[in-house]
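Structure record follows, encoded as structure tokens.
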Amino acid sequence: MNLDLTEQHLALRQLVRDFMEKEFAPVAQEFDDREEFPVDIVKRMGQLGILGIAFPEEYGGGGYDAVSYVITIEEISRVDSSMGITVEADVTLGGAPLNHYGTEEQKRIWLAPLAKGQMLGAFGLTEPEAGSDSGATRTTAVLHGDEWVINGTKCFITNSGTPMTGFVNITAVTGKRADGKKEISTILVPSGTPGFTVSKKYRKMGWRASDTRELSFADCRVPKGNLVGRQGAGLRQFLETLDEGRLGVAAMGVGLAQGALEMSLSYAKQRVQFGRPIFEYQEIQSKLVNMAINIEAGRLLCLKAALLKDRGVPYTKEAAMAKMFTSEHAVLAASEGVQIHGGLGLMDDSPISRFYRDAKFLAIGEGTTEIQKMVIARRL
Ligand SMILES: Cc1cc2nc3c(=O)[nH]c(=O)nc-3n(C[C@H](O)[C@H](O)[C@H](O)COP(=O)(O)OP(=O)(O)OC[C@H]3O[C@@H](n4cnc5c(N)ncnc54)[C@H](O)[C@@H]3O)c2cc1C
């Protein structure tokens with residue numbers, strides 16, 4: 001397996017790194033404090049092509065591979081996780097279902113503006129009674145003539161209410177299968193459809209500049225043609241979608257830990273106690289060394305899963321391993337980072353405290369650590 005990055009990968013990494021360091025790093029803390037979605041900055045990312053890298057060129061995307069996607073998400077999250085989850089959810093949760101299962105017309109109308117970075121997409125799977133057990137969906141969609149009539153509630157949905165949001169793909173029960181189980185399908189609901197209500201933003205411990213909302217559907221009608229993929233294939237589709245999502249969240253874990261390492265290393269070299277920079281104490285070096293090793297290991301897990309995806313072979317186990325490993329180690333890296341910063345690390349305006357709050361989300365979103373273990377165990 002060749003893990004060398006190509007010239008194209010390296011150029012992409014530099015582009016994203018430059019953008020994040022120049023355009024977002026100076027204001028990341030302010031957006032987090034204000035719990036404000038940075039719409040103008042996300043638009044600029046769209047103009048640069050960052051939101052479309054993973055989509056086919058024929059729809060206005062960059063046509064890059066999965067390795068490029070992982071590099072992009074890592075670089076964004078090295079500076080800020082709210083931006084990391086915004087891009088991850090847009091690409092893999094909003095766009096990927098259309099890219100893989102959508103009709104030509106759906107791709108032209110909905111995927112193309114996403115690929116060009118003019119619109120954001122969302123994916124509504126989670127419900128109040130269907131979290132880890134996502135097949136327990138209660139939202140229903142009943143065909144009346146040429147329209148689906150949707151009723152139900154979705155919770156914790158990323159990108160669902162930003163000024164750039166164009167649609168949400170939701171899972172809904174559309175009937176009963178021959179074995180008596182629920183038939184679940186994916187349906188695209190455009191923002192602003194009557195009967196589709198988007199609540200105000202949740203107030204969150206972390207990922208504060210990202211947009212997360214509850215959605216409710218009351219006799220919400222969308223055209224029959226908004227079915228994404230085959231009727232009844234929703235369960236399989238969202239499991240495949242989550243593989244890509246987990247790859248993205250895994251890359252977020254690497255990026256967050258990398259950012260935490262860099263700021264902790266820099267602080268350790270300039271903070272003097274007992275007459276020496278604290279970096280010179282073995283206890284501090286040990287923390288930094290462990291962070292660096294786990295980042296490298298997590299990055300390799302991500303790259304392996306991405307390379308398998310690019311080859312078109314199953315990568316469910318590898319994506320789950322990468323997601324579980326990097327999210328747990330991001331939590332640890334952020335915690336050690338705060339420890340190295342001492343009291344300063346506990347202050348709200350200290351970037352490492354933002355990383356600490358953000359890290360925990362990685363171990364819960366898109367399948368908790370416990371669920372990743374189930375996914376991996378089934379494939380051992
Ligand atoms: C900020 C944020 C953004 C999100 N964005 C989206 C989004 O865009 N779209 C979307 O659809 N969802 C989204 N989610 C939802 C997220 O995917 C769920 O929160 C997550 O899957 C866990 O579900 P839950 O919160 O209902 O927890 P639960 O499923 O209730 O789990 C509670 C605890 O029980 C454990 N548990 C559950 N079942 C088992 C089991 N069988 N064995 C062992 N332990 C178990 C879990 O691991 C966890 O520790 C988001 C969540 C957050 C917080």
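Can you pull out every residue in segment 207-233 that is aliphatic (A, V, I, L, M) and within 15 Å of the ligand (Cβ to nearest atom)?
209, 215, 228, listed by residue number.
Just to be sure before I move on: is residue 91 in the same structural domain as residue 11 (by TED's automatic domain parsing), within 16 Å of the ligand (Cβ to nearest atom) and either in contact with a Lys or Arg (Cβ under 9 Å, 6 or more places away or on another chain) or touching a residue at least 12 places away in the same chain (Cβ under 8 Å) (or both) in the structure I sent? It is true that residue 91 is in the same structural domain as residue 11 (by TED's automatic domain parsing), within 16 Å of the ligand (Cβ to nearest atom) and either in contact with a Lys or Arg (Cβ under 9 Å, 6 or more places away or on another chain) or touching a residue at least 12 places away in the same chain (Cβ under 8 Å) (or both). Taking every residue in segment 46-66 that is over 16 Å from residue 17 (Cα atoms) and pairing it with any residue that is of a type in the set (Asp, Glu) and part of a loop (DSSP other than H, G, I, E, B), at least 6 positions away or on another chain, the pairs with Cβ-Cβ distances below 9 Å are 54/65. Within segment 89-97, one or more residues are within 19 Å of residue 364 (Cα to Cα), touching a Ser or Thr at 6+ places or on another chain (Cβ under 6 Å) and of a type outside the set (Phe, Trp, Tyr).
Only one residue in 106, 118 is more than 16 Å from the ligand (Cβ to nearest atom) and in a helix (DSSP H, G or I). Which one?
Of the residues listed, the single one that is more than 16 Å from the ligand (Cβ to nearest atom) and in a helix (DSSP H, G or I) is 106.
Which ones in segment 209-256 are surrounded by fewer than 22 Cβ atoms within 10 Å (Cβ to Cβ) and assigned to a loop (DSSP other than H, G, I, E, B)? Answer for segment 209-256, where residues must be surrounded by fewer than 22 Cβ atoms within 10 Å (Cβ to Cβ) and assigned to a loop (DSSP other than H, G, I, E, B): 229, 230, 231, 232, 233. Scanning segment 353-371 for residues that are aliphatic (A, V, I, L, M) and surrounded by fewer than 19 Cβ atoms within 10 Å (Cβ to Cβ) yields a count of 1.
Suppose the filter is farther than 22 Å from residue 358 by Cα, among the β-branched types (Val, Ile, Thr) and crowded, with 16+ Cβ neighbours inside 10 Å; does residue 71 pass it? So residue 71 does not fit the description; no. The residues on offer are 319, 333, and the sole one that is surrounded by 20 or more Cβ atoms within 10 Å (Cβ to Cβ), assigned to a helix (DSSP H, G or I) and within 16 Å of the ligand (Cβ to nearest atom) is 319. Output the qualifying pairs, or none if there are none: Cβ atoms under 8 angstrom, residues six or more apart or on different chains, first residue in segment 348-375 and farther than 22 Å from residue 91 by Cβ and assigned by TED's automatic domain parsing to the domain that holds residue 259, second residue outside any helix (DSSP H, G or I) and within 6 Å of the ligand (Cβ to nearest atom). Matching pairs, first to second residue: 370/132.
The values are calculated or read from the model by the stated rules, or taken from the named source; none is laboratory data. Worth saying up front: this structure is predicted, and the values here are computed from it rather than measured. For neighbour counting, all protein chains shown are included, and Cβ atoms are generated from backbone atoms with ideal geometry for every residue, glycine included.
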